[in-house]
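Asks: First, the structure itself, so that you have it in front of you.
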Amino acid sequence: MTPSMPNVSALRRMIQRFMPTTLDRYLINQVIPPFSIALAVVMTALLLERLLVLFNLLAAGNNNLGTFVELLTALLPHYLGLAIPAALCVSVFAVMRRMSQNEEIDAANSSGLSLLRITRPYIHLGIGLGILSFLLYGFIQPHARYDFRAAFYIASHTGWSPRLQPQMFARPSSDLTLVAENVTQSGSELTNVFIHDTSDHQERNITARKGHIRIAPDGSAVQLDLEDGIIVSDSKDKPPSLTMFEHSTRYLTHAAHRSPFRQRGEDERELTSPELIRNLIRQDRSISQPHMWSELHFRLARSLTIPFIPLLATALAMSRKRQRNNAGLPIAFILMVSFDHILQFGHSMVATKKMSVLIIWAPALVFIILCVALLLYRSGTLTLWRARRTQASLSRPA
């Protein structure tokens, strides 16, 4: 019983060491609002260009809103992986910059807390976001990338959708002719519609006050929804009949036949990290081995560097007294963008067998060392180490 007591106390001390203090909770609460705002702004900026492409696709194929939402949802994991590092850097920089200007950092230092200790909750936050990014890069993004490509393929092959012009006859099929007095909304909203239909060995003349052309919910046909109209039917063996309706649907043409989309896994970016490892162990030749090695190391390198971003942001947020202008944030963005481009360049070099995976890990190691060195320099730790070393060398006997 007695020998176990020191172990229990050591375990308790270790738990207490990692429990968040009042300062940790304060710093986390301070960073959550700017992180959320920065994440939303960066995500919106990244999605704007792709939104224009999606709107053009919807306009060209007359797809419904569900297709747009499906494509947009599939894009979110990809841009979220790009936005998390940027939002983390901006939010930590903003909080530490404000604390530096309000002399909160000086007050904490006077109470015996170093800059490294103040940054600790943000390092833990970076570790958590690094784990989240690892799951995002290695498990969620591969499936989302395939889902986007599949949805884009289906939206691009929805078949013919007529673009009518006012007071001009159109023939969607050999037995159907239609004309509208007014056409709006890129040819899909019609008023004062007339249709001449000779299908099923019967002649029908249809008039309607309004019409709306759209793709059927199952994507199998192009349909025309009519409102407030009259149908005059005439067949050879029966007298003509007149039918009035409030709402009627006519199928203009069936969508073109399309082959089903391919299976997931023809691209290394569509494979999860366990699938990449499994294919590499089995030496699967369906995808180039260098491409799979490059993709796997690229994901790991990006995930492992995220916990060090708070160190970079904190070091560059510190400024001299009475210094209002600080170029720390632009410098941080230049460093992060340059690092990301170098990492992507190394990714392509490894995939084409021109270089080894060191071209991916060397920039990652340099980035990590730079972040740690900058924070140690700003916190005065390097100066303290140098002073201790000088004192130790002077105290040695001659």
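Asks: Multiply the residue separation of residue 248 and residue 383 by 0.36 nm, subtract the distance between their alpha-carbon atoms, and state the gained length in nm to one decimal.
Replies: Between residue 248 and residue 383, full extension yields an extra 40.4 nm.
Asks: Neighbouring Cβ atoms within 10 Å as the yardstick, rank 184, 305 fewest first.
Replies: In order of increasing Cβ crowding within 10 Å: 184, 305.
Asks: Also, I was wondering about something else. What distance in nm separates the two pseudo spin-label positions at residue 98 and residue 345, each 7 Å out from Cα along the beta-carbon direction?
Replies: Going by the 7 Å Cα→Cβ label model, 3.7 nm.
Asks: Using Cα pairs closer than 8 Å and at least 6 residues apart in sequence, work out the relative contact order for the stretch 170-254, in percent.
Replies: In percent, rounded to a whole number, it is 23.
Asks: Moving on to the next point. Can you tell me which aspartates and glutamates have their Cα less than 19 Å from the Cα of residue 353? Leave out same-chain residues fewer than eight positions away.
Replies: 267, 268, 284, 295
Asks: Given points 7 Å out from each Cα along the Cα-Cβ axis, report the residue 143 to residue 45 separation in nanometres with one decimal.
Replies: So the two model labels end up 3.1 nm from each other.
Asks: With each pseudo-label sitting 7 Å past Cα toward Cβ, what's the residue 55-residue 337 distance in nm, one decimal?
Replies: Distance between the two pseudo-spin positions: 2.4 nm.
Asks: In addition: How much net charge surrounds residue 245 when only other residues with a Cβ under 15 Å from its Cβ are counted (Lys, Arg +1; Asp, Glu -1)?
Replies: Every neighbour counted, the sum reads -1.
Asks: Let me ask something additional. I need 293, 385, 361 ordered by Cβ neighbour count within 10 Å, fewest first.
Replies: Ascending Cβ contact count within 10 Å gives the list 385, 361, 293.
Asks: Another question, if that's okay. Work out the FRET efficiency for residue 168 and residue 225 from their Cβ-Cβ distance, taking R0 = 25 Å, and round it to the nearest 0.05.
Replies: 0.75
Asks: Something else now. Would you kindly derive the ³J(HN,Hα) couplings of the stretch 96-113 from the backbone phi angles with the Karplus curve 6.51 cos²θ - 1.76 cosθ + 1.60 (θ = phi - 60°), listing them in order in whole Hz, with x for Gly and Pro?
Replies: 5, 5, 5, 5, 5, 5, 8, 6, 6, 5, 5, 5, 5, 5, 5, 8, x, 9
Asks: If you don't mind, another one. Here are some values of mean projected area of the Cα convex hull in nm²: (i) 38.5; (ii) 36.6; (iii) 23.0. Which one was computed from this structure?
Replies: (ii)
Asks: Out of 339, 152, 387, whose Cα points farthest toward the positive end of the dipole of the chain (charges: +1 Lys, Arg; -1 Asp, Glu; placed on Cβ)?
Replies: Of the options given, the answer is 387.
Asks: Residue-wise, which Karplus ³J(HN,Hα) couplings in Hz belong to the stretch 29-35, taking 6.51 cos²θ - 1.76 cosθ + 1.60, θ = phi - 60°, and x for glycine or proline?
Replies: 5, 6, 8, 5, x, x, 5
Asks: Let me ask something else about it. Return the FRET efficiency for the residue pair residue 11, residue 117: r is the Cβ-Cβ distance, R0 is 30 Å, and the value is rounded to the nearest 0.05.
Replies: 0.85
Asks: Can I ask one more? Considering only the other residues whose Cβ falls under 12 Å of the Cβ of residue 199, what net charge follows from Lys and Arg at +1 and Asp and Glu at -1?
Replies: -2
Asks: Another question, if that's okay. Given 206, 184, 248, which one lies farthest toward the positive end of the charge dipole of the stretch 170-254, if we put +1 on the Cβ of every Lys and Arg and -1 on the Cβ of every Asp and Glu?
Replies: Ranked along the dipole, the leading option is 184.
Asks: A follow-up question, please. Going 7 Å from the Cα of residue 19 along its beta-carbon direction, which residues of the stretch 105-119 have the amide nitrogen within less than 19 Å of the resulting point?
Replies: Backbone N within reach: none found.
Asks: Report the charge-dipole magnitude of the stretch 170-254 in Debye, nearest 20, computed about the Cα centre from +1 at each Lys and Arg Cβ and -1 at each Asp and Glu Cβ.
Replies: Around 100 debye, computed over the stretch 170-254.
Asks: Let me ask something else. Using Cβ contacts closer than 10 Å as the measure, can you line up 68, 333, 18 from fewest to most?
Replies: If I rank by nearby Cβ atoms, fewest first, I get 18, 333, 68.
Asks: Separate question: What net charge is computed for the residues neighbouring residue 74, neighbours being all others with C-beta under 13 Å from the C-beta of residue 74, Lys and Arg scored +1, Asp and Glu -1?
Replies: Charge balance near residue 74 sits at +1.
None of the figures in this text is laboratory data; all of them are computed from the coordinates on show. Since we're looking at a predicted model, the values are computed, not measured. Cβ coordinates were reconstructed from backbone atoms using ideal geometry, including for glycine residues, and neighbour counts include every protein chain displayed.
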